[in-house]
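To start, the structure under review is shown below, and the notes come after it.
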Amino acid sequence: MPLYEHVFLARQDLAQAQVDALAEAATALVEANQGKVTKVETWGLRSMAYKIAKNRKAHYVMLNIDGPAGLVAELERQTQINEDVIRYMTIKVDELESGPSVMMRKGDRERRGRRDRDGE
């Protein structure tokens, strides 16, 4: 089956529990349509490059999906009508990353850099 990365941005005024519920709803939708979510990453509340619908920040969530193309169409349709989601993007990939994504590794690198500077 094709492999996809689905990233969505949720409104900044949502609580983390609400963002987790959005990810769980997307996972349930994928599994109901004969797909499988292999990884869910919450990147946290991050600043955006520009304001979208009066929001300067958003909660970023990424899902790695293994499923048929019809599943992606339904997932995007459900995401589009959800008022808590500001933006979303689904990309077909050749291979899913097994470890943490680049966004998660970037945070680790920044924390290590601060530790190194503090120790000097």
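Where a number appears in this text, it was derived from the coordinates with a stated rule and is not lab data. Values in this document were obtained by computation on a predicted structure and should not be read as measured data. Reconstructed Cβ throughout: ideal geometry from the backbone, glycine too, with neighbour counts over all protein chains shown.
Provide, for segment 3-119, the number of lysine pairs with alpha carbons under 22 Å apart, each pair being eight or more places apart or on different chains.
Close lysine pairs found across segment 3-119: 4.
Using the C-alpha gyration tensor of the chain, what are the square roots of 5 times its eigenvalues, in whole angstrom, with the largest one first?
Each semi-axis is √(5λ); the values are 27, 19, 11 Å.
Can you figure out the FRET efficiency of K36 with S101, using R₀ = 25 Å and their beta-carbon distance, to the nearest 0.05? Could you put the intermediate results ahead of the total?
Numbers: r = 18 Å, r/R0 = 0.71.
About 0.90, to the nearest 0.05.
Just to be sure I understand the model, the point goes 7 Å from the Cα along the line to the Cβ. What's the resulting N82 to I52 distance in nm?
Placing both labels 7 Å beyond Cα along the Cβ direction yields 1.3 nm.
Specify the residue with the greatest mean-square fluctuation among I86, I65, I52, computed from a Gaussian network of the chain linking alpha-carbon atoms under 10 Å apart.
Looking only at I86, I65, I52, the largest GNM fluctuation is found for I52.
Which whole-Hz ³J(HN,Hα) couplings does segment 7-15 yield from phi under the Karplus relation 6.51 cos²θ - 1.76 cosθ + 1.60, θ = phi - 60°, glycine and proline marked x?
Listing the rounded values in order: 10, 10, 10, 9, 3, 6, 8, 7, 7 Hz.
Using only helices, what value at 222 nm comes out for the chain when you add -39,500 (n - 2.57) per DSSP H run of length 4 or more and divide by the total residues, to the nearest 500 deg cm²/dmol?
Calculated at 222 nm, the ellipticity per residue is -13500 deg cm²/dmol.
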